[in-house]
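K.L.:
Shown below is the structure under consideration.
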Amino acid sequence: PSLVIQVVPQRYYPEGDLLANPLGRVNEIDRLGVEGLERKWDDYLQGTDGFSVIQVNVDNRPVGDAVSSTRAVPGDNLHLTI
């Protein structure tokens, strides 16, 4: 048995679909920008996933420290004016 905890960031559009065409959109499966500013600035907005690998005993309790881990790096914000 294993336990996977996954936090999924979402992009936030304060005005909803108002500027959907120039802003573009994000692919729902891999969350990559595929059109408009989302595509142009995707590397800047994306960030990097993090993870931890932890050994557990038969009771599913951690044994020792994490075997390996990488901290998540949040994506940056893009502030626009029109």
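The values are calculated or read from the model by the stated rules, or taken from the named source; none is laboratory data. Owing to the predicted nature of the structure, the values given are computational and were not obtained by experimental measurement. When we count neighbours, we look across all protein chains shown, and the Cβ atoms used for this are built from the backbone with ideal geometry, even at glycine.
K.L.:
Return the residues of segment 33-49 that are closer than 12 Å to G75 by Cα and part of a loop (DSSP other than H, G, I, E, B); say none if nothing qualifies.
P.N.:
Answer for segment 33-49, where residues must be closer than 12 Å to G75 by Cα and part of a loop (DSSP other than H, G, I, E, B): W41, G47, D49.
K.L.:
Here are some conditions: (1) surrounded by 11 or more Cβ atoms within 10 Å (Cβ to Cβ); (2) in contact (Cβ under 8 Å) with a residue 24 or more places away in the chain; (3) under 17 Å from the mean Cα position of the chain (by Cα). T48 meets all but one. Which one does it not meet?
P.N.:
Unmet condition: (1).
K.L.:
Looking at R61, is it without any contact (Cβ under 8 Å) to a residue 12 or more places away in the chain and of a type in the set (K, R)?
P.N.:
Criteria met by R61.
K.L.:
For segment 51-70, give me the residue count where each residue is assigned to a loop (DSSP other than H, G, I, E, B) and either of a type in the set (S, T, N, Q) or farther than 14 Å from I5 by Cα (or both).
P.N.:
Looking only at that region, the number is 11.
K.L.:
In segment 26-79, what residues are over 21 Å from G16 (Cα atoms) and basic (K, R)?
P.N.:
R61, R71 - these are the residues of segment 26-79 that are over 21 Å from G16 (Cα atoms) and basic (K, R).
K.L.:
Given the conditions (1) modelled with pLDDT of 75 or more; (2) under 18 Å from D76 (Cα atoms), report the number of the one that V8 does not fulfil.
P.N.:
Only one criterion in (1) modelled with pLDDT of 75 or more; (2) under 18 Å from D76 (Cα atoms) is unmet by V8, namely (1).
K.L.:
So, one more: Give me the residue from segment 62-82 that is of a type outside the set (S, T, N, Q) and in contact with a Ser or Thr (Cβ under 6 Å, 6 or more places away or on another chain) and, out of that set, nearest to D43 (Cα to Cα).
P.N.:
V73
K.L.:
Select from segment 46-78 the residues that are closer than 18 Å to P14 by Cα, modelled with pLDDT of 85 or more and either in contact with a His (Cβ under 6 Å, 6 or more places away or on another chain) or not charged (D, E, K, R) (or both) and list them in ascending order.
P.N.:
G75, N77
K.L.:
List the pairs whose first member sits in segment 14-38 and is among the acidic types (D, E) and surrounded by 15 or more Cβ atoms within 10 Å (Cβ to Cβ), whose second member is modelled with pLDDT of 75 or more and in a loop (DSSP other than H, G, I, E, B), and whose Cβ atoms are under 6 Å apart, counting only residues at least 6 apart or on separate chains?
P.N.:
These pairs meet every condition: E35/G24; E38/G24.
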